[in-house]
1. So, in the stretch 65-96, of the ones that are in contact with a Pro (Cβ under 6 Å, 6 or more places away or on another chain) and open to solvent by 20 Å² or more (accessible area, probe 1.4 Å), which residue ends up farthest from residue 132 (Cα to Cα)?
2. Just a yes or no: is a residue in the stretch 145-159 more than 30 Å from residue 203 (Cβ to Cβ) and within 18 Å of the chain's Cα centre (by Cα)?
3. Restricting the stretch 33-53 to residues that are more than 14 Å from the chain's Cα centre (by Cα) and among the aliphatic types (A, V, I, L, M), which is most open to solvent (accessible area, probe 1.4 Å)?
4. Taking helices (runs of 4 or more DSSP H) that fall entirely within the stretch 62-157, which contain at least 2 residues that are in contact with a strand residue (DSSP E or B) (Cβ under 7 Å, 6 or more places away or on another chain)?
5. Determine which member of the set 105, 14, 28 is modelled with pLDDT under 90, among the acidic types (Asp, Glu) and surrounded by 18 or more Cβ atoms within 10 Å (Cβ to Cβ).
6. Tell me, which helices (runs of 4 or more DSSP H) wholly within the stretch 166-222 include 1 or more residues that are among the small types (Gly, Ala, Ser) and under 19 Å from residue 156 (Cβ atoms)?
7. Quick check on residue 211: is it over 33 Å from the mean Cα position of the chain (by Cα) and not basic (Lys, Arg)?
8. Name every residue in the stretch 165-197 that is surrounded by fewer than 20 Cβ atoms within 10 Å (Cβ to Cβ), touching a Lys or Arg at 6+ places or on another chain (Cβ under 9 Å), touching a residue at least 24 places away in the same chain (Cβ under 8 Å) and farther than 10 Å from residue 215 by Cβ, in order of residue number.
Amino acid sequence: MSDALFSSEFEPADTRYLWRLWFADILDLATSALLGWGALRAVDVDRTPRALVVAGVVTWLLMSVAGGLSGWTLWRGLVGLRLVTDGGAPGPVRGFIRAFLVPVDLLISPMLQRRYCDRSLKVQPEAVPLLTKKWQRALGWQGFWLLMVFASAWFVVMPTRREALSYLKKLDGWRCCHARTPPSPFKCTTSVSRAVREAEDGDARARAIVADCPRAAARMGR
């Protein structure tokens, strides 16, 4: 469905750019889940379902407050929309409140073709064409969240301390350590690198595992 149907100046503000804002909010929610997952892996804590939910919710609240301060998020920037109130940024309070109302709007707006929660907050989308000066001034905010996405993806892909040390104690890890062909060369290489770093930082368990792993011991001695 085209945004043109909803972008007329004669339409209520909460119907303008309805689908672009809907997709941006969905992607921002997914991004907050990724950032929360990456944060848990970065600090290497148990990733229970409860911990994942809490991390995702906290990240979503932080993203929403930041979005209220500027009017921008990563995905709103990429679809060319900024949230405004009376022509300016909504502010952190509205951003925080909106964090709880967005899921409601995401559910009801496709059926009702309106953003009732945004209207109650007096928040509306403003179209900002890509590469214009106004859009370029928001690159700092968008770049920050993009950097956080890349960092989270890195932590998701790379093994945590516990994963690396546990892997090297298993049969596949033994193959990795003794120059046999492991099922996953990438996991072998990254686990050895992580174990060596931990051993160099003085971790006693990592030192013991590195001592029993010729490949890791050779790398540590360089």
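1. 65
2. Yes, the stretch 145-159 contains at least one residue that is more than 30 Å from residue 203 (Cβ to Cβ) and within 18 Å of the chain's Cα centre (by Cα).
3. By that ranking, first place goes to 43.
4. none
5. Result: 14 is the single residue among 105, 14, 28 that is modelled with pLDDT under 90, among the acidic types (Asp, Glu) and surrounded by 18 or more Cβ atoms within 10 Å (Cβ to Cβ).
6. The qualifying helices (runs of 4 or more DSSP H) are 185-200.
7. yes
8. 193
The values are calculated or read from the model by the stated rules, or taken from the named source; none is laboratory data. From a predicted model like this one, the values you see are computed outputs, not experimental measurements. Note: ideal-geometry Cβ built from the backbone for every residue, glycine included; neighbour counts use all protein chains shown. Heads up: the accessible areas ignore ligands, DNA and RNA and are worked out on the full protein's heavy atoms, side chains in. Shrake-Rupley method; radii C 1.70, N 1.55, O 1.52, S 1.80 Å.
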